[in-house]
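Participant: Before anything else, here's the structure in question.
Bear in mind that the values in this text are calculations on the coordinates, not laboratory data. Being a predicted model, the structure only gives us computed values, none of them experimental. Note that each Cβ is placed from the backbone with ideal geometry, even for glycine, and that neighbours are counted across all protein chains shown.
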Amino acid sequence: MSLPRLSLSCAVLVVTAALGSVSQPARSSGLGSIVQAYCLAAFQQEMEQAGKVAPAGMAAYACRCVVDRITAGTSLATARSFCRDSTARRYAL
């Protein structure tokens, strides 16, 4: 599956605006799915650019963290920073 070349923050803003009238559980679920997809693509791209292979489960852990933080109301920048640090500690990077 090929994702459009939108930045994750742009995608989050578009989805947040589009889901403004949707109920909270549906909004979190819809937003979470889109953030998850973009996060996994960005994670893979970063690993490829670094010439590294991620340990099993690392991408899922990192992106689940980002989704959880964003759906809880944290900003994208804060979620990325927190989850990057948390993932690095968990996977001893």
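Participant: Restricted to the stretch 67-82, and to residues that are farther than 15 Å from L31 by Cβ and of a type outside the set (S, T, N, Q), which residue is surrounded by the most Cβ atoms within 10 Å (Cβ to Cβ)?
Facilitator: Step by step, filter the stretch 67-82, then rank; the result is R80.
Participant: Within the stretch 52-75, how many residues are small (G, A, S) and either in a loop (DSSP other than H, G, I, E, B) or in contact with an Asp or Glu (Cβ under 8 Å, 6 or more places away or on another chain) (or both)?
Facilitator: 6
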